[in-house]
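Structure first, then comments.
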Amino acid sequence: MRTAPDALRHDFRGDIIEPGDPEYAEASRTVLATGSPERVLRAMSVGDAQAAVAFAAAAGQTLAVRGGGHSFSGFGTTDTGTVVDLRDLDHVEVVDLERRLVRVGGGATWGQVCDALARHGLAISSGDTRGVGVGGLTLSGGIGWKVRKHGLALDSLVAAEVVTADAHLRRVSAEEHPDLFWALRGGGGNLGVVTSFEFVAQPTTEVFFGALAFPATEAGTVLQGLADYMRTAPEEVTANVVLANPFAGGPEAPVDIHVAFDGDDPALSALALDPIRGLGTLLSDSVGLRPYGDILEEGVVPPPGIELWTRSAFVERDAVSDALAVLAGVATSERPPVVNLRTVGGAVSRVDAQATAYAHRAAELMVATTLIGPGPVVNGARPALDAVWRSLAPHTCGAYANFLSEADEQDVAAVYPDQTYRRLAAVKGEYDPHNLFARNHNIRPAT
Ligand SMILES: Cc1cc2nc3c(=O)[nH]c(=O)nc-3n(C[C@H](O)[C@H](O)[C@H](O)COP(=O)(O)OP(=O)(O)OC[C@H]3O[C@@H](n4cnc5c(N)ncnc54)[C@H](O)[C@@H]3O)c2cc1C
């Protein structure tokens, strides 16, 4: 009888990278985490993904599934067991131009998607960074520059092919395995290895994009004014506010409102963005017409020894003023974290909270704080930040899985409200009863 390693060597056609191999150091780490897996499997095909899953299941190994490797929690690697790295499953194919149907490999990055779709005048609502993986971002949400007009990345998903824990390839959509399709849209990596995603893309060429800066001392009024305005602003407008940027003065750093207007009409853009320009003393304004592909950032890879610690939550309408008051105070305190506020609402809130496993549809804002620095500096700043989150707690709800460095039971409970968790656990019980896919905000399979 074949052993699991024999079967892997026979069935897996991509590279198998093990400790001692020259590529091991690079292959074992992700953008934000180091690991020491027993092997990294570079899948070249769907068959390879199936062989990797079959091996890990038979060998009883931890399996980390890596898409773009940008998880804040380091889910794309592991200290024991096996990593399956999907980077070579990076095809981007326009399947039907008229219906704007696009098929994307499970290991593609949003930069690759943007480049491939630009020549067709298309883009998909996604995130703000080229190197982030389609896999991780989509499976837990996807909040980017088109989010208020076109929803989360997962709202554009119409089908997927997924290798489940029994190593079978399943096509899922509203008609095929609808329970699994529901769960994939928000359930993170809990359900299997997605080898391809099918999205309906949006017509996109150029958009207005840039930053509007205001003095840090005006943070309170500017933030409140922005939140008020976004309730009636055209959905083409999306804003992403950065406070206390350590590279621009920390507590003295200007309030940077990065804005995108999803359209190329200068008059409409001015009409939509001028109310934001008028929120305070405008220090600078870099808004201009850009190809959509150019507005995604390269994304900084932290140098060795520098760590990021991120925590997030959502803010619903009634709590916005109180939450913003806390955040404005934090941003100007001594040694603040980077504070990031993203506007959601719009198309996100028009989807029923039960329609996908992403439940936080009522939120107007997503707030995240990030500590950046050497490990001891980050750890030293944690108690003060924990205190900030205690003051924010009455005004926030839930958590955004894609902006969380930790994944304990409290974090999982914040990501998934009770009802969503129970439904996910039932689907998990059916498709992954032994919890093979556990390197994520983990759902325990219902028995
Ligand atoms: C610099 C930076 C910028 C970011 N910007 C944004 C943003 O604008 N908007 C936003 O919403 N988020 C953003 N994020 C957060 C990002 O969405 C998450 O970190 C996401 O998990 C990254 O996905 P990944 O595939 O790159 O990561 P990975 O570490 O490869 O994977 C993350 C999780 O997804 C699972 N996974 C990945 N691919 C697959 C697959 N094909 N099949 C099954 N499971 C899979 C993994 O197993 C893991 O559990 C950003 C993160 C960083 C570091």
Verdict on Ala33 being within 16 Å of the ligand (Cβ to nearest atom), touching an Asp or Glu at 6+ places or on another chain (Cβ under 9 Å) and either of a type outside the set (Lys, Arg) or closer than 27 Å to Asn402 by Cβ (or both): no
Check on Pro376, more than 12 Å from the ligand (Cβ to nearest atom) and under 27 Å from Val163 (Cα atoms): no
Tally of residues being outside any helix (DSSP H, G or I) and closer than 21 Å to Leu436 by Cα across segment 161-196: 22
Residues (more than 16 Å from the ligand (Cβ to nearest atom) and under 30 Å from Arg444 (Cβ atoms)) located in segment 174-221: Ala174, Glu175, Glu176, Pro178, Asp179
Odd one out for Ser391, checked against (1) small (Gly, Ala, Ser); (2) over 20 Å from Gly127 (Cβ atoms); (3) free of Cβ contacts under 8 Å to residues at least 60 places away in the same chain: (3)
Search result, residues across segment 390-437 that are of a type in the set (A, V, I, L, M, F, W, C), in a helix (DSSP H, G or I) and either crowded, with 20+ Cβ neighbours inside 10 Å or modelled with pLDDT under 95 (or both): Leu392, Ala401, Phe403, Val412, Ala414, Val415, Leu424, Val427
Every residue from segment 35-50 that is assigned to a strand (DSSP E or B) and among the hydrophobic types (A, V, I, L, M, F, W, C): Val40, Leu41
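One line per residue, one yes/no per condition, for (1) outside the structural domain of Asn402 (by TED's automatic domain parsing); (2) more than 27 Å from Gly14 (Cα to Cα); (3) modelled with pLDDT under 95; (4) buried (at least 24 other Cβ atoms within 10 Å of the Cβ):
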{"residue": "Thr62", "(1), (2), (3), (4)": "yes, no, no, no"}
{"residue": "Gly69", "(1), (2), (3), (4)": "yes, no, no, yes"}
{"residue": "Val102", "(1), (2), (3), (4)": "yes, no, no, yes"}
{"residue": "Cys114", "(1), (2), (3), (4)": "yes, no, no, no"}
{"residue": "Leu117", "(1), (2), (3), (4)": "yes, yes, no, no"}
{"residue": "Ile124", "(1), (2), (3), (4)": "yes, yes, no, yes"}
{"residue": "Arg148", "(1), (2), (3), (4)": "yes, yes, no, yes"}
Selected residue [closer than 24 Å to Phe214 by Cβ, within 16 Å of the ligand (Cβ to nearest atom) and of a type outside the set (Ser, Thr, Tyr)] from Gly288, Gly346, Gly280: Gly346
Residue list for segment 52-84, restricted to those being among the aromatic types (Phe, Trp, Tyr) and within 8 Å of the ligand (Cβ to nearest atom): Phe72, Phe75
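The values are calculated or read from the model by the stated rules, or taken from the named source; none is laboratory data. These figures come from a predicted structure and were not determined experimentally. Heads up, the Cβs are rebuilt from the backbone with ideal geometry, glycines too, and the neighbour counts pull from every protein chain shown.
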